[in-house]
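Structure, as structure tokens:
The values are calculated or read from the model by the stated rules, or taken from the named source; none is laboratory data. As the structure is a computational prediction, the values presented were derived from the model and not from experiment. Reconstructed Cβ throughout: ideal geometry from the backbone, glycine too, with neighbour counts over all protein chains shown. Side chains included, ligands, DNA and RNA excluded: accessible areas come from the protein's heavy atoms. Shrake-Rupley method; radii C 1.70, N 1.55, O 1.52, S 1.80 Å.
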Amino acid sequence: MRSTPNTDIRSVDVAHDETFPKAVEALRTRRSGHNFDPDTDLDDETLKALIEDTTLAPSSYNLQPWEFVAVQDDDRLDDVVELAFGQEHIRDAGTAILVVGHTTPETADRVFEEWAEAGRMDEETAEQTKEQTVGLYADDRMGRDYGIRNASLAAANLLHSAHARGLSATPMIGFDAEGIAEYLGIPDDKIPVMLIAVGPSGGEEPERLPRRAVDEVLHREEY
Ligand SMILES: Cc1cc2nc3c(=O)[nH]c(=O)nc-3n(C[C@H](O)[C@H](O)[C@H](O)COP(=O)(O)O)c2cc1C
């Protein structure tokens, strides 16, 4: 394994971390890997470190409405390849992680208690905010948006953590969402958001395709 997991990353004082500027370099060099080393897989320590980095993603009220299902068994990876319309690089990667989003704020009791315990909200405000949040996401469309928005940010963290650790990772929505949910036993109130193949790189990736220019995508004051 070419990466050195930093399992105590929560204690790093990023403001004084001399490697912090490298985050920008990492953003600029991350790629979606399609060339994985088929002979090397992730060790469990690295998998857990990746997920720990991932759980540091921002989320609405810190509700962390996400789950991660890692598939590493060879036979099961074959099934995942099939459910992902034959995307063979998943098998070479050796690990497929389904990022799953909650469609209801099921962590609300615990998390709003934590806001109050930390003195960041008084108890009455925490209770009111919890009720508003539960009410807001009772709507199907809002609940789905809630899951996708939050879990997508978690997926982005996973991609960048993999890159920072010298691994390759590919986000995918090219999969049979219903089929994979059934195969992996995802409960009905949760949705598959992104499938991520992750593993040691097998070498160079093709050159990055052009990005739309800043002047084209940046709108000032209004669209
Ligand atoms: C929402 C989303 C869905 C994607 N689905 C797939 C996919 O199913 N298979 C795949 O190989 N790559 C997939 N990609 C990767 C994109 O093709 C890739 O991000 C894009 O071409 C830019 O390349 P880069 O990530 O290397 O900069 C997906 C990326 C995103 C963000």
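Against the list (1) open to solvent by 50 Å² or more (accessible area, probe 1.4 Å); (2) of a type in the set (Asp, Glu); (3) in contact (Cβ under 8 Å) with a residue 12 or more places away in the chain; (4) within 16 Å of the ligand (Cβ to nearest atom), the condition Glu205 fails is (1).
With respect to the conditions (1) within 16 Å of the ligand (Cβ to nearest atom); (2) modelled with pLDDT of 95 or more, Glu222 falls short on a single one, namely (1). When you scan segment 169-197, how many residues do you find that are more than 10 Å from His34 (Cα to Cα), within 18 Å of the chain's Cα centre (by Cα) and either assigned to a strand (DSSP E or B) or touching a residue at least 60 places away in the same chain (Cβ under 8 Å) (or both)? Summing the residues that are more than 10 Å from His34 (Cα to Cα), within 18 Å of the chain's Cα centre (by Cα) and either assigned to a strand (DSSP E or B) or touching a residue at least 60 places away in the same chain (Cβ under 8 Å) (or both) in segment 169-197 gives 14. If the condition is being open to solvent by less than 40 Å² (accessible area, probe 1.4 Å) and touching a strand residue (DSSP E or B) at 6+ places or on another chain (Cβ under 8 Å), then segment 33-50 contributes Gly33, Phe36, Asp37, Leu42, Thr46, Leu47, Leu50.
Taking the criterion of being closer than 13 Å to Val100 by Cα and away from the ligand (no atom under 12 Å from the Cβ), the only residue of segment 159-179 that qualifies is Glu178.
Within segment 25-47, the set of residues being more than 15 Å from the ligand (Cβ to nearest atom), part of a helix (DSSP H, G or I) and without any contact (Cβ under 8 Å) to a residue 40 or more places away in the chain comprises Asp44 only.
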